[in-house]
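Right, one structure below, let's go through it.
The values are calculated or read from the model by the stated rules, or taken from the named source; none is laboratory data. All of these numbers come straight from a predicted model, not from anything done at the bench. Note that we place each Cβ from the backbone using ideal geometry, even for glycine, and neighbour counts take in every protein chain shown.
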Amino acid sequence: MFTKLLIANRGEIAVRIIRACKEMGIYTVAVYSEADRESLHVALADQAICIGGPRAEESYLDGGRIVAAALATRAQAIHPGYGFLSENAEFAALCQKHGIVFIGPSAEIIAKMGDKDTARRLMKENGVPTTPGTDILKDAKEALEAAGKIGYPVFLKASAGGGGKGIRLVEHPEEMERAFQTASNEAEKAFGDGRMYMEKYLNPVKHIEVQLLADEKGNTVCLGERECSIQRNNQKLIEESP
């Protein structure tokens with residue numbers, strides 16, 4: 001069992017992790033940007049350390065600063081929460097390099113599944129049906145050509161995206177250039193990665209998820225399926241599970 005854990009996130013997710021750690025008797029370290037100095041997660045943690053400026057690129061997306069904070073506070077593990085660096089293979093590898101446990105998948109698994117473009121290609125190679133779409137798009141011009149072949153409406157999606165960030169619905173060709181730039185810029189700010197790909201927009205559909213939990217010894221359990229169709233701005237409001 002860890003005795004000291006650093007949370008590489010902010011807001012509600014950091015608060016939840018801190019509360020869980022308190023129940024388990026684990027000492028917590030919060031990291032925060034200059035803009036979050038007075039945030040709740042900073043107040044609740046046993047220890048807090050500033051990791052940079054108000055922009056995410058200067059703080060929560062800077063893996064080097066976060067690992068440095070963990071080493072300085074002698075945290076044994078890092079919990080990434082969701083978003084930010086939670087699906088960043090380089091960050092997971094950096095933690096491992098410095099002897100810090102990354103709470104989440106290995107760098108190898110994240111590289112395969114955390115990047116949506118790589119995951120799509122892996123599914124295709126293994127015969128899993130996928131929504132009609134593309135690999136990484138170079139620019140809006142290539143996206144326009146691809147949409148013409150797939151057929152409108154289409155979804156532009158960030159390869160490193162999550163949490164509803166970096167997604168734009170494009171229903172007409174004249175919307176493509178602005179949608180591409182907006183989604184790419186949003187993904188760059190949120191994840192440090194502005195690469196985009198495209199999928200056919202399907203409607204009406206249900207958003208169903210299946211979650212698997214696995215340990216380092218090969219034991220795997222399915223946690224059941226979740227109905228996640230009630231959403232706002234591509235962000236789930238309610239998840240319903242048996």
Going through region 32-62 in order, the residues found to be assigned to a loop (DSSP other than H, G, I, E, B), more than 20 Å from the chain's Cα centre (by Cα) and of a type in the set (Gly, Ala, Ser) are Ser39, Ala45, Gly53
Search result, residues across region 203-216 that are exposed (fewer than 10 other Cβ atoms within 10 Å of the Cβ) and modelled with pLDDT of 90 or more
Asn203, Pro204, Val205, Lys206, Val210
Count, please, the residues in region 36-63 that happen to be surrounded by fewer than 16 Cβ atoms within 10 Å (Cβ to Cβ) and closer than 21 Å to Ala187 by Cβ.
5
Please verify whether Phe84 is of a type in the set (Phe, Trp, Tyr), buried (at least 17 other Cβ atoms within 10 Å of the Cβ), in contact (Cβ under 8 Å) with a residue 60 or more places away in the chain and within 17 Å of Ala14 (Cα to Cα), treating the condition exactly as stated.
yes
Among the β-branched types (Val, Ile, Thr), farther than 27 Å from Ser86 by Cα, at pLDDT 95 or above and not assigned by TED's automatic domain parsing to the domain that holds Ser86 - does that describe any residue in region 170-191?
yes
Answer yes if at least one residue in region 117-133 is basic (Lys, Arg), outside any loop (DSSP other than H, G, I, E, B), assigned by TED's automatic domain parsing to the domain that holds Glu188 and without any contact (Cβ under 8 Å) to a residue 24 or more places away in the chain, and no otherwise.
yes
Criterion violated by Leu213 - all others in (1) in contact (Cβ under 8 Å) with a residue 24 or more places away in the chain; (2) within 26 Å of Phe84 (Cα to Cα); (3) aliphatic (A, V, I, L, M) satisfied
(1)
Among residues of region 1-35 being closer than 19 Å to Gly63 by Cα and of a type in the set (Lys, Arg), the residue surrounded by the most Cβ atoms within 10 Å (Cβ to Cβ) is Arg10
Could you check region 182-200 and list, in sequence order, the residues that are of a type in the set (Ser, Thr, Tyr) and either more than 18 Å from Glu142 (Cβ to Cβ) or in contact with a Ser or Thr (Cβ under 6 Å, 6 or more places away or on another chain) (or both)?
Tyr197
Output the number of residues of region 170-199 satisfying the condition of being crowded, with 19+ Cβ neighbours inside 10 Å, touching a residue at least 40 places away in the same chain (Cβ under 8 Å) and part of a helix (DSSP H, G or I).
3
For region 200-237, how many residues meet the condition of being of a type outside the set (Gly, Ala, Ser), closer than 27 Å to Gly133 by Cβ and not in a strand (DSSP E or B)?
12
Of the residues in region 140-169, those that are at pLDDT below 95 and in a loop (DSSP other than H, G, I, E, B) come to Ser159, Ala160, Gly161, Gly162, Gly163, Gly164, Lys165, Gly166
